[in-house]
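S.K.: The structure's right below; bear with me while I get my questions together.
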Amino acid sequence: MSDETPEDEQPLGSLALDAWHRAHGARMVPFAGYEMPIQYAGEHGGGGIVAEHNWTRESASLFDVSHMGQLSVSGENAAAELEKLVPGSVRSLGEGRMRYSLLLTEAGGVIDDLMITNTGAHIALVVNGATKWDDIAHLREHLPDAVTLTHYDDQALLALQGPKAAEVLDALVPGTGALTFMRAAAFDWPAPDGTTTPLWISRAGYTGEDGFEISVHADKAEALADALVADDRVRPAGLGARDSLRLEAGLPLYGHDLTTEIDPVTAGLGFALSKKRREAGGWMGHRACAVKLKDGCASTRVGLAIDGRLPAREGAPVYAGEELVGKVTSGGFSPTLQRPIAMAYVGADYAAEGTALEIEVRNKRLPAKVSPMPFVPHRYYRGS
């Protein structure tokens, strides 16, 4: 409407750790309606995007992901009602277990991707920061009045990621090291001020590395961040490293690799459509997805390994000879592989591993080949 402030002129929110980030040399940028750290510099910082990326691969990095939406649904038949809106099974989730799922339109387009956890007391949801208000509106519209939707806007969310994350966190919060990938539980942390701080901790993340996401009251976030980076194995890391890590891990980013114009079958997220529920239906978007599952998709998401050093960015066209066959949705230079990589949607006839393609960047054609994802193997901890 004409009297609304354009999105790019809306005042930006501040994270609970805003001052903490700046004190640690963060360069702050607008992201998902907040001022967020993209990288750190200086004596107490992470040393820039590539250094932060590499440190996460080698040791442990602390990311602030408090812009994400932390929600819950509770009340009569909450799990069953939520199942009507997502393709994954919610009722079958045991206490402390997590599942990746999707909110879909009737046409099968992805409204958002999210994590669902059975906490025992309620069903917890973590949704993307840029879409959380639309997600809340969608859930309120479609969930019955008997189901209570709660937004925990007084909670911060910290992600400790990397191969040394478990030993660091278990020393600070004993018992967390026993969690395995996609498991979560409540813990008490004896804070330095003598109080006991409740934490909800899940062994998950979006870097491809082992790690944890820690929900903590915003008032205690700074004390927890200080305690974590006091360990020499932990350094702060920003959005830049988080993006390069998730790209190497082959993980889609909402608003780029996933949108309401893309369905989960085309996106290669068929694993998120529970097998029994594919057949039984009863969830929003099922009919559209069932057609794609039966008849196939015109295009699909693929990984691309690019020759040379020049990265391809979002929007770059992909060619097979002179035929335009797709478009890059995420791309960048891989610090781990020391070469450019990208994700793109290409025609199904050009999606086979090893297919030679070209990407147009700065009026040049860069040779590329369809590559399996993840580009760098995941290192999730599933138990000894």
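The values are calculated or read from the model by the stated rules, or taken from the named source; none is laboratory data. Computed from a predicted model, the values in this text were never measured in an experiment. Cβ atoms come from the backbone with ideal geometry, glycine included; neighbour counts cover every protein chain shown.
S.K.: Name every residue in region 306-315 that is in contact (Cβ under 8 Å) with a residue 60 or more places away in the chain and either under 20 Å from the mean Cα position of the chain (by Cα) or crowded, with 18+ Cβ neighbours inside 10 Å (or both), in order of residue number.
M.R.: Across region 306-315, the qualifying residue is only I306.
S.K.: So which residues in region 333-355 are in contact with a strand residue (DSSP E or B) (Cβ under 9 Å, 6 or more places away or on another chain), in a loop (DSSP other than H, G, I, E, B) and β-branched (V, I, T)?
M.R.: T355
S.K.: Does A368 satisfy the condition of being buried (at least 21 other Cβ atoms within 10 Å of the Cβ), in contact with a Pro (Cβ under 8 Å, 6 or more places away or on another chain) and of a type outside the set (S, T, N, Q)?
M.R.: For A368, the condition - buried (at least 21 other Cβ atoms within 10 Å of the Cβ), in contact with a Pro (Cβ under 8 Å, 6 or more places away or on another chain) and of a type outside the set (S, T, N, Q) - is not met.
S.K.: Considering region 62-102 alone, what residues qualify as being farther than 15 Å from S274 by Cβ and hydrophobic (A, V, I, L, M, F, W, C)?
M.R.: Across region 62-102, the qualifying residues are L62, F63, V65, M68, L71, V73, A78.
S.K.: Let me ask another. Which residue is nearest to H122 (Cα to Cα), if the candidates are limited to region 179-234 and must be within 24 Å of the chain's Cα centre (by Cα) and among the β-branched types (V, I, T)?
M.R.: I201
S.K.: What residue, of E322, E360, is surrounded by fewer than 21 Cβ atoms within 10 Å (Cβ to Cβ), in contact with a Phe, Trp or Tyr (Cβ under 9 Å, 6 or more places away or on another chain) and not polar (S, T, N, Q)?
M.R.: Exactly one residue qualifies, and that residue is E360.
S.K.: Can you tell me which residue within region 231-254, out of those that are assigned to a loop (DSSP other than H, G, I, E, B) and touching a Leu at 6+ places or on another chain (Cβ under 9 Å), is surrounded by the most Cβ atoms within 10 Å (Cβ to Cβ)?
M.R.: Filtering first and then ranking leaves A237.
S.K.: What pairs come up if the first residue lies in region 273-286 and is closer than 18 Å to A107 by Cβ, the second is among the acidic types (D, E), and their beta carbons are under 7 Å apart, counting only those six or more places apart or on different chains?
M.R.: W283/E83; M284/E106; G285/E106
S.K.: Can I ask one more? Cβ-Cβ below 7 Å, separation at least six or inter-chain, first residue in region 362-373 and closer than 18 Å to L324 by Cβ, second in a strand (DSSP E or B) and β-branched (V, I, T): which pairs?
M.R.: L366/I306; L366/I359; A368/I306; A368/I359; V370/V302
S.K.: Given the criteria touching an Asp or Glu at 6+ places or on another chain (Cβ under 9 Å) and among the aliphatic types (A, V, I, L, M), does V361 qualify?
M.R.: When the stated conditions are applied, V361 does not pass them.
S.K.: Counting only residues that are closer than 16 Å to E95 by Cα, give me the strands (runs of 3 or more DSSP E) lying completely in region 175-223 with at least 2 of them.
M.R.: Fully inside region 175-223 and qualifying: 184-190, 196-202.
S.K.: Among the residues of region 235-244, is there at least one that is of a type in the set (D, E, K, R) and under 30 Å from D193 (Cβ atoms)?
M.R.: For region 235-244, residues of a type in the set (D, E, K, R) and under 30 Å from D193 (Cβ atoms): present.
S.K.: Being hydroxyl-bearing (S, T, Y) and more than 17 Å from I214 (Cα to Cα), is that true of even one residue in region 102-123?
M.R.: Yes, region 102-123 contains at least one residue that is hydroxyl-bearing (S, T, Y) and more than 17 Å from I214 (Cα to Cα).
S.K.: Select from region 134-156 the residues that are touching a residue at least 60 places away in the same chain (Cβ under 8 Å) and hydrophobic (A, V, I, L, M, F, W, C) and list them in ascending order.
M.R.: I136, L139, L143, A146, V147, L149, A156
S.K.: Let me ask you something else. Name every residue in region 280-292 that is loosely packed, with under 15 Cβ neighbours inside 10 Å, touching a helix residue (DSSP H, G or I) at 6+ places or on another chain (Cβ under 9 Å) and over 17 Å from L103 (Cβ atoms), in order of residue number.
M.R.: Result: A280, single match.
S.K.: For region 123-154, which residues satisfy the criterion of being under 18 Å from V216 (Cβ atoms), touching a helix residue (DSSP H, G or I) at 6+ places or on another chain (Cβ under 9 Å) and surrounded by fewer than 20 Cβ atoms within 10 Å (Cβ to Cβ)?
M.R.: Of everything in region 123-154, those that are under 18 Å from V216 (Cβ atoms), touching a helix residue (DSSP H, G or I) at 6+ places or on another chain (Cβ under 9 Å) and surrounded by fewer than 20 Cβ atoms within 10 Å (Cβ to Cβ) turn out to be H151, D153, D154.
S.K.: Only one of (1) more than 15 Å from T150 (Cβ to Cβ); (2) surrounded by fewer than 16 Cβ atoms within 10 Å (Cβ to Cβ) is not met by L102, so which one is it?
M.R.: (2)
S.K.: Residues to consider are G315, G303, G268; find the one that is in the same structural domain as E358 (by TED's automatic domain parsing) and either assigned to a loop (DSSP other than H, G, I, E, B) or under 18 Å from Y100 (Cβ atoms) (or both).
M.R.: After applying the criteria, what remains is G315.
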